[in-house]
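Working notes, beginning with the structure itself.
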């Protein structure tokens, strides 16, 4: 099964995304929730409209998606209402005023900070997966 990378960008008061493996396909939504809902249907429609010579072998097989965020503002905008700069700062152990600058796109974090944010999110996701109720 092919995994298609979905590159997510902040776009106004929402997000846009493109798939490097699919020429000419772009989608814009208000949130990640909406993107996940609309992506498969939009891509199917796009593939159906291609000329036969534009079809690639993977397009006839099942595929899934891997979401890659272009930057911190893209993540915060995509998960607006779920993740904000304060929660992201706590999860990753980064100073809140520093995170605010990253979230607003005023400064771009380096690879080390980006990795720290990514690790914090994954650690938090694992913690959430372990929750049960009596």
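Readers should treat all values here as calculations from the given coordinates under stated rules, not as data from a laboratory. The model shown is predicted, which means the values in this text are computed figures rather than measured ones. Cβ atoms come from the backbone with ideal geometry, glycine included; neighbour counts cover every protein chain shown.
With volume of the Cα convex hull per residue in Å³ defined as stated, name the option among (1) 98; (2) 145; (3) 106 computed from the structure displayed. Checking each listed value against the structure points to (2). Estimate the FRET efficiency between residue 122 and residue 26 by the formula 1/(1 + (r/R0)^6), using the beta-carbon distance for r and 30 Å for R0, to the nearest 0.05. Given R0 = 30 Å and the Cβ-Cβ separation, E is 0.60. Length gained on full extension, residue 3 to residue 70, computed as 0.36 nm times the residue gap minus the Cα-Cα distance: 22.3 nm.
Given R₀ = 30 Å, what would the calculated FRET efficiency be for residue 90 paired with residue 60, taking r from the Cβ atoms and rounding to 0.05?
On the way: r = 45 Å, r/R0 = 1.50.
The value I calculate is 0.10.
Distance from the Cα centroid of segment 12-30 to that of segment 48-78 is 9 Å (rounded to whole angstrom). Taking every C-alpha pair closer than 8 Å and separated by at least 6 residues, the mean separation divided by the residue count of segment 54-134 gives a relative contact order of 25 percent. Taking the longest Cα principal axis of the chain as reference, the axis of helix 111-129 is set at about 90 degrees. Report, to the nearest 10°, how far helix 32-48 tilts away from the longest principal axis of the Cα atoms in the chain, using its own Cα long axis and a range of 0 to 90°. The helix 32-48 is inclined about 20 degrees to the chain.
The DSSP beta bridges internal to segment 1-75 are antiparallel in roughly 55% of cases.
For segment 1-129, what's the relative contact order in percent, using C-alpha pairs closer than 8 Å and at least 6 residues apart? Walk me through the intermediate numbers first.
Details: 152 pairs, mean separation 32.5, N = 129.
Reported relative contact order: 25 percent.
For the chain, adding -39500 (n - 2.57) for each run of n ≥ 4 DSSP H residues and dividing by the number of residues yields -13500 deg cm²/dmol at 222 nm. Summarising the label geometry, the points placed 7 Å from Cα in the beta-carbon direction at residue 47 and residue 80 lie 3.1 nm from one another.
Both the radius of gyration and Dmax for segment 84-134 are 12.5, 44 Å, in that order, over alpha-carbon atoms.
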